[in-house]
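Chemist: I'd like to ask some things about the structure below.
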Amino acid sequence: MSTITELLKLLASGVFLLATNRSAMTITLVAAFVMAGLSWYLCNNYVKLWNRRFRLTATHQFLTVIASVLTFFFVLAFGGLKYMQNVTSAIVNIWEAYEIKTDNQWSQETFKDAYYKVKGLDIENFSDHPTPESGGQIIPATKKASQEAAAKVYAIAACNHFDHEHPFLSKIIWSNPSQSSENISNDVVNHFSRKPGTTYSAEQAINIAADTIKTQLSAQTPRTVTLSRIALLLLYLLVMAIPLGAIGYAAYKDIRIQK
């Protein structure tokens with residue numbers, strides 16, 4: 001998923017939640033229609049500041065309609081950003097419950113990395129634990145150092161997976177692998193103190209990493225909303241520059257022809 005695609009999905013989800021609040025949606029719709037009208041007026045008249053004789057062609061009129069429609073949806077999306085925390089929390093929940101846990105390639109590669117990371121410490125007995133290539137599914141982790149090493153591998157891998165699957169959110173949410181690693185490590189220690197001789201599941205590590213990301217998300221909500229609004233505004237200005245620039249350039253060329 002690209003950064004722009006995810007941003008658009010976030011905005012659409014925000015507008016959907018906005019629609020569930022009738023009064024807020026009504027106010028936003030009124031504002032959207034007003035801003036769309038102002039956009040249409042601006043596109044039709046701003047060139048008269050330097051070329052009063054210029055008349056818009058059918059193509060230019062089409063561009064003004066496009067600009068008005070874009071403005072309408074921009075206002076709706078801007079209003080929907082107030083629900084950013086709800087939307088991003090839902091995205092993290094889906095990532096935790098489905099995306100990462102059904103990614104078999106990620107699971108196999110991460111297990112392999114953790115297996116050889118612990119084996120490289122040379123402090124565990126691997127005689128009864130075959131390699132991942134031979135079908136092994138257990139990493140012996142009886143020592144604290146090996147438990148922490150495996151935890152760190154899963155924490156970093158989980159954060160990297162989230163960053164890859166959600167490029168826009170990863171740029172505005174600091175998915176801190178070291179914090180996830182520390183939380184997973186503590187959970188590993190607690191697990192083995194309660195259930196010695198058992199194994200620590202990858203799913204449990206994923207849950208801890210996801211909870212850590214959600215905690216970071218909650219703490220960064222104001223920053224997330226602010227950066228999302230900035231990104232949306234920049235995207236809007238970039239797109240609006242196309243019709244305004246085309247009309248302005250045509251008006252400038254018309255002045256040169258008149259001369």
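Chemist: Show the residue pairs that are 6+ apart or on different chains and have beta-carbon atoms under 9 Å apart, the first residue being within region 80-105 and at positive phi, the second being at pLDDT below 85 and of a type in the set (Gly, Ala, Ser).
Modeler: Correct list of pairs: empty, since none qualify.
Chemist: Kindly provide the set of residues from region 9-34 that are within 25 Å of residue 246 (Cα to Cα) and either surrounded by fewer than 17 Cβ atoms within 10 Å (Cβ to Cβ) or of a type in the set (Val, Ile, Thr) (or both), ordered by number.
Modeler: First, pick out the residues of region 9-34 that are within 25 Å of residue 246 (Cα to Cα): 32-34.
Correct list: 33, 34.
Chemist: Which members of region 105-160 meet the condition of being among the aromatic types (Phe, Trp, Tyr) and not in a loop (DSSP other than H, G, I, E, B)? Step through it out loud before you land on a result.
Modeler: Taking region 105-160 and keeping what is among the aromatic types (Phe, Trp, Tyr), we get 106, 111, 115-116, 126, 154.
Correct list: 106, 111, 115, 116, 154.
Chemist: Here's something else I'd like to know. Considering region 100-131 alone, what residues qualify as being of a type in the set (S, T, N, Q) and open to solvent by 30 Å² or more (accessible area, probe 1.4 Å)? Give the derivation first.
Modeler: First, the residues of region 100-131 that are of a type in the set (S, T, N, Q): 102, 104-105, 107-108, 110, 125, 127, 131.
Correct list: 102, 104, 105, 107, 108, 125, 127, 131.
A quick yes/no check of all residues on (1) in contact with a helix residue (DSSP H, G or I) (Cβ under 8 Å, 6 or more places away or on another chain); (2) modelled with pLDDT of 85 or more:
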{"site": "117", "(1), (2)": "yes, yes"}
{"site": "124", "(1), (2)": "yes, yes"}
{"site": "152", "(1), (2)": "yes, no"}
{"site": "165", "(1), (2)": "yes, yes"}
{"site": "168", "(1), (2)": "yes, no"}
{"site": "174", "(1), (2)": "yes, no"}
{"site": "184", "(1), (2)": "yes, no"}
{"site": "193", "(1), (2)": "no, no"}
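Chemist: Let me ask something else about it. Among the candidates 75, 92, 30, 87, single out the residue that is in a helix (DSSP H, G or I) and touching a Lys or Arg at 6+ places or on another chain (Cβ under 6 Å). Even if it seems obvious, please write down each step before you answer.
Modeler: Details: 75 fails: touching a Lys or Arg at 6+ places or on another chain (Cβ under 6 Å); 30 fails: touching a Lys or Arg at 6+ places or on another chain (Cβ under 6 Å); 87 fails: touching a Lys or Arg at 6+ places or on another chain (Cβ under 6 Å).
Matching residue, one of 75, 92, 30, 87: 92.
Listed here are the residues, each with its yes/no results for (1) farther than 28 Å from residue 170 by Cα; (2) open to solvent by 70 Å² or more (accessible area, probe 1.4 Å); (3) under 36 Å from the mean Cα position of the chain (by Cα).
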residue	(1), (2), (3)
46	yes, no, no
49	yes, yes, no
53	yes, yes, no
68	yes, no, yes
76	no, no, yes
84	no, no, yes
95	no, no, yes
133	yes, yes, yes
138	yes, yes, yes
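Chemist: Next question. What residue, among those in region 55-66 that are assigned to a helix (DSSP H, G or I) and open to solvent by 80 Å² or more (accessible area, probe 1.4 Å), is farthest from residue 244 (Cα to Cα)?
Modeler: Just the residues of region 55-66 that are assigned to a helix (DSSP H, G or I), to begin with: 58-66.
Checking which are open to solvent by 80 Å² or more (accessible area, probe 1.4 Å) leaves us with 58-59, 62.
On the way: 58: 15, 59: 12, 62: 12 Å.
Only one residue fits best here, namely 58.
Chemist: OK, next. Restricting to region 1-18, give me the number of residues that are free of Cβ contacts under 8 Å to residues at least 40 places away in the same chain and of a type in the set (S, T, N, Q).
Modeler: 1
The values are calculated or read from the model by the stated rules, or taken from the named source; none is laboratory data. All figures in this text were calculated on a predicted structure; none of them were measured in a lab. Using ideal geometry, Cβ is built from the backbone for each residue, glycine included, and neighbour counts are taken over all protein chains shown. Just the protein is used for accessible areas: all its heavy atoms, side chains included, with ligands, DNA and RNA removed. Shrake-Rupley method; radii C 1.70, N 1.55, O 1.52, S 1.80 Å.
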